[in-house]
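The values are calculated or read from the model by the stated rules, or taken from the named source; none is laboratory data. As the structure is a computational prediction, the values presented were derived from the model and not from experiment. In this analysis, Cβ positions are derived from the backbone assuming ideal geometry, glycine residues included, and neighbour counts consider all displayed protein chains. Side chains included, ligands, DNA and RNA excluded: accessible areas come from the protein's heavy atoms. Shrake-Rupley method; radii C 1.70, N 1.55, O 1.52, S 1.80 Å.
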Amino acid sequence: MAEFNRRMALFLDIDGTLIDLAPKPDLVVVPDFLPPLLHDLATELGGALALVSGRALTEIDRLIPGLDSVAGSHGGEWRLQGVTKAAIAAIPELDALAAGAETLPGILVERKPMGVAMHYRDNPQLAGQVRALARRIVESADQALRLIDGKSVVEVVPAGTDKGGAITRFMDAPAFAGRFPIYVGDDVTDECGFRAVNRLDGLSIRVGGTKGSAATRGLSSPRAVRRWLKTLHQQAIGGNHVQS
Ligand SMILES: [Mg+2]
């Protein structure tokens, strides 16, 4: 095992980072080699690998089953070395938002255990309407909710949880503590993750380049991320040092 791997903690967003974006979230394709590669890397890193996604934990487990450490719902729920926890209880205003969004034709509404995502990829002209509805609900919820403007998606989630908080929490756990954190993400929701690893003197990598981002490094595509992970794995089993 490479010495560097013993000191590294790897945090990975999923959509747009490990796998290519699709017109709808349930249409994404996970390459067959990816789940076993992630399991191998987690083992090589002594358990210091976590997926950090906006998707619900159950959805993450459907795509990439069985990893010990996973943060879902933008840090609102997580499994840390096999133990599942949630940060907050359900917020009733989210039901009103989901109901309102269902009435907008051409919007794909994704109800999560701790949030509502409204996808307008097929109808970009509806972005303003979707944002206005989300803002109304956020304002009515007395600071319990916040709005996230993602790639062709507006999402409303509980305030006070984000991917940066998830990474910081994981870094306090024994498998991760004291290691060099690396976070790879692609979207606005990943910026707090980039800032979290920057604060810990780690490495922040954004898919699509670093322009306008807190990330300090860029990779061109999810394919490039997967290639990089394969290299880490090969160097780990080959016993060579990994160049960051
Ligand atoms: Mg993403």
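Structure summary
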quantity	calculated
Answer residue from region 142-164, given it is without any contact (Cβ under 8 Å) to a residue 24 or more places away in the chain and over 22 Å from A215 (Cα atoms) and is least open to solvent (accessible area, probe 1.4 Å) among those	A159
Selection count where residues are open to solvent by 10 Å² or more (accessible area, probe 1.4 Å) and touching a residue at least 40 places away in the same chain (Cβ under 8 Å), scope region 179-201	5
Among (1) away from the ligand (no atom under 16 Å from the Cβ); (2) within 20 Å of I19 (Cα to Cα); (3) surrounded by 15 or more Cβ atoms within 10 Å (Cβ to Cβ), the one test that R169 misses	(2)
Qualifying residues in region 1-33 (those that are among the charged types (D, E, K, R) and either open to solvent by less than 20 Å² (accessible area, probe 1.4 Å) or outside any loop (DSSP other than H, G, I, E, B) (or both)) - the one modelled with the lowest pLDDT	E3
Which listed residue is assigned to a strand (DSSP E or B) and either away from the ligand (no atom under 15 Å from the Cβ) or closer than 20 Å to V225 by Cβ (or both), from L104, L51, L94	L51
Filter result (surrounded by 21 or more Cβ atoms within 10 Å (Cβ to Cβ) and modelled with pLDDT of 95 or more) within region 46-62	A48, L49, A50, L51, V52, S53, I60
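So that you can scan it fast, the table gives a plain yes or no per residue for (1) touching a helix residue (DSSP H, G or I) at 6+ places or on another chain (Cβ under 7 Å); (2) free of Cβ contacts under 8 Å to residues at least 60 places away in the same chain; (3) on the phi > 0 side of the Ramachandran plot:
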site: L49; (1), (2), (3): yes, yes, no
site: A56; (1), (2), (3): yes, yes, no
site: R62; (1), (2), (3): no, yes, no
site: P65; (1), (2), (3): yes, yes, no
site: E77; (1), (2), (3): yes, yes, no
site: L80; (1), (2), (3): yes, no, no
